[in-house]
1. For the range B:265-315: of the residues being of a type in the set (Gly, Ala, Ser) and at pLDDT 80 or above, which is nearest to the chain's Cα centre (by Cα)?
2. So which residues in the range A:64-80 are open to solvent by less than 50 Å² (accessible area, probe 1.4 Å) and part of a loop (DSSP other than H, G, I, E, B)?
3. Tell me which helices (runs of 4 or more DSSP H) are completely within the range B:148-264 and hold 2 or more residues being among the small types (Gly, Ala, Ser) and modelled with pLDDT under 50, or say none if there are none.
4. Answer yes or no as to whether B:Lys97 is open to solvent by 50 Å² or more (accessible area, probe 1.4 Å), in a loop (DSSP other than H, G, I, E, B) and more than 14 Å from B:Ile45 (Cα to Cα).
5. Select from the range B:331-341 the residues that are away from the ligand (no atom under 11 Å from the Cβ) and under 18 Å from B:Thr464 (Cα atoms) and list them in ascending order.
6. Could you grab me the full set of residues in the range B:366-392 that are open to solvent by less than 10 Å² (accessible area, probe 1.4 Å) and either within 13 Å of chain A (Cβ to nearest Cβ) or under 30 Å from A:Ala122 (Cβ atoms) (or both)?
7. What number of residues in the range B:458-471 are within 15 Å of the ligand (Cβ to nearest atom) and at the interface with another protein chain (Cβ under 10 Å from one of its Cβ atoms)?
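The values are calculated or read from the model by the stated rules, or taken from the named source; none is laboratory data. Treat the numbers as computed from the prediction; the structure is a model and nothing was measured. Here Cβ is always computed from backbone atoms with ideal geometry, including for glycine, and neighbour counts include all displayed protein chains. Only protein heavy atoms, including side chains, enter the accessible area calculation; ligands, DNA and RNA are left aside. Shrake-Rupley method; radii C 1.70, N 1.55, O 1.52, S 1.80 Å.
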Amino acid sequence: MRKFTLLAGTFVLLLALATGCGQKTETNTNTQTGDTTEVQQPTEQTLKIQSYYTDDQILNLVPKEQEIKFVEEKDKYLTALKTLQKTDDPNQIALWEESEFLSAELKDGGALTVDVKVPAEAHLGASAEDLAVQALLKTAFQFDEVKSVDILVDGQSVDTMMGHVELEHPYTRN
Amino acid sequence: MKKIGGMLLFCFMLFMVPNMSHASAGLQIYLNGVSLSPSAGGQIIKDYTMIPIRVVVEELGFQVDWDKKTRTVTIHNDKTSMTLVVDQKWATVDGKKVSLDMPPTLKSDTTLVPLRFVGEQMGLVVNWENATKSVYLFTSDYSSEVTKPDVPTTPGKPDQGGSTGEGSNNGSDGTNNGSNGSNGGNSGNGSVTQDLAEIQTVTFEDNRLVVGVSKSDVKPTQTKLSNPDRIVVDIPNAKFSDSFFNSQNFAANGQAEIQLTDHPLVSKIRYSLFSSNPSTVRIVIDLNQNQAYQFTTTKDPNTIIVDLNGGSTDPGNGSNPGTIPPANGKYVVVIDAGHGAKDPGAISLNKRNEKDFNLAQALKVAELFQNDPDVQIVLTRSDDTFLELKERVTVAKQANANLFISIHANSINKATISGTETYYSRDDESKAFAQVMHSNLVQGTKLPDRGVRKQSLHVTRETTMPACLLEVGYLTNQTDEAALYQDDFQNRVAQSIKNGIKQYLGLQP
Ligand SMILES: [Zn+2]
């Protein structure tokens, strides 16, 4: 199911590129060859980031290096956050596995607004909820240009995502 | 508790030890600052102020029975009852024999009783002001009370008498400001003034009185007194710092106090420069009840602390809990069933809602405490309603709760994880409380013990009393889920929660 979504996402990306109107320039030197992307796109960037998960005791955040690919800079944040939904390390738990990141938009001045969808099935216990919020924030704040993060649920500014931890609107870099 | 600081009034009326070796002429008696009628007929006999029993009834408002045959006086109000017999050197107070330095006496057909003894036993504070030959009586609820010295001793020395007069003349507003700096030095007998420690702050927070002092070498003394219950702290060779003194509002009669409304333990805290020789600051905590406390001083920062939280927070020792029952004698424990209504909480393997488990479990705990003589349960919700996190905290604050317990069931996207966890957020008594609750809870759940954990959760962080959050078991684990919705599991867990509460409060199970 998750795989299917990712493939569909790639397809949309390709469509977008195909219909692009010539603003693509060959400035990107990060482009790798021979990876899993079926079609080489010169404008695609690859970036190594830290993504955050929890250990199987649900005690701490654990960082893991992940590689993200995106075409436009503005897509970087959503792409980065989506890495929180999956880890292939069996000793780690992806706290956002069953939630969705709908959008992550950086506005002038460094205010990142992240819209998430948290179905009831994705509700976590008290500590996992806290760690999930921390994982999102740490992932977002690794980008220096992000000065604050506001987490919305289905576009709404709510008190709490899962009923244990209050959300700050917005979180600022500490 | 909220931080309540500051000082309202300041008193320079220096009350000396009873010094009644003078003629009774001009004896004045004041009740809460109001002079009793001149016909009160108080007189001084052998250094003791004696008043007719008629005055006890008419002016002090106590009930008095006089048995002429046995010459027995019975004085009582709704709290205390005492019996005195003319010329008998002991009295009976609430069934206990108490020796009397000065027994009641008959004088020209009037029965006179010792004012200080009667007043204090009946809950009045009695002060003798030597300079004006006045007795000041204060009911315990009167706000401008100044305490007397703890132990009546021998009559004051002549030089003390001199400073007393001077001090009490400073009782007006206008002279208070200027007299702070000189109050230690005007006694005229060469007492040292340079090295006085300065009292810089007086605050009451989290059931702790904290007095900030400029020096570490203070030698405060403390005494616990009853009728009314109060703790008296004297700090010799000390005065109030000018900045502290000037930063506060104080009334013309010069008394300082922190009023505490609705505090379960303390009605108010009063302070004054109690004596000028040696310059002594006195702080009195007026208690609502007999209360254990810890008295400590710290260095750097230099403080004097009276901790009413009872002292020990050792987990599981059961005695001396870090919690104090409210005025009505019952501990209030808030049980918070997590989530509710539009917030189902987590969803179990078999699609059952966390909120339903939480509510059922909370109701079972409440049921076990029905008719409990010591503990009253307050539920944040007793049906499927929605409360914001901060509303749950408000419930606890408004209930003046002693303990807060939030009940939840856990969830993680890894089905093998199973067991019971207990959370706290504050490094105060909450940690010990969580440990006591957890050790009981795991006996109830019989699930794997996943320990006591610290996490910043709204309800356990923002409440002000010891608080913990129980994640009873994992809805996402097959074994745990099967247990969580079973009646006998919930009954067992309810009993273990009750045991934990009782253990922490030091109550019989
Ligand atoms: Zn919960």
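1. Among those that are of a type in the set (Gly, Ala, Ser) and at pLDDT 80 or above, it is B:Ser267.
2. Selection gives A:Val71 alone.
3. B:158-169, B:173-182
4. Against the criterion (open to solvent by 50 Å² or more (accessible area, probe 1.4 Å), in a loop (DSSP other than H, G, I, E, B) and more than 14 Å from B:Ile45 (Cα to Cα)), B:Lys97 does not qualify.
5. Selection gives B:Tyr331, B:Val332, B:Val333, B:Val334, B:Ile335.
6. Once the filter is applied, which keeps residues that are open to solvent by less than 10 Å² (accessible area, probe 1.4 Å) and either within 13 Å of chain A (Cβ to nearest Cβ) or under 30 Å from A:Ala122 (Cβ atoms) (or both), the range B:366-392 yields B:Arg381, B:Arg392.
7. Residues meeting the conditions: 6.
To keep it simple, each residue is scored yes or no on (1) modelled with pLDDT of 95 or more; (2) buried (at least 23 other Cβ atoms within 10 Å of the Cβ); (3) over 15 Å from B:Ile412 (Cβ atoms); (4) in the same structural domain as A:Lys74 (by TED's automatic domain parsing).
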{"position": "A:Gly125", "(1), (2), (3), (4)": "yes, yes, no, yes"}
{"position": "A:Ala128", "(1), (2), (3), (4)": "yes, yes, no, yes"}
{"position": "A:Ala132", "(1), (2), (3), (4)": "yes, yes, no, yes"}
{"position": "A:Lys138", "(1), (2), (3), (4)": "yes, no, yes, yes"}
{"position": "A:Phe141", "(1), (2), (3), (4)": "yes, no, yes, yes"}
{"position": "A:Val149", "(1), (2), (3), (4)": "yes, yes, yes, yes"}
{"position": "A:Asp154", "(1), (2), (3), (4)": "yes, no, yes, yes"}
{"position": "A:Asp159", "(1), (2), (3), (4)": "no, no, yes, yes"}
{"position": "A:His164", "(1), (2), (3), (4)": "yes, yes, no, yes"}
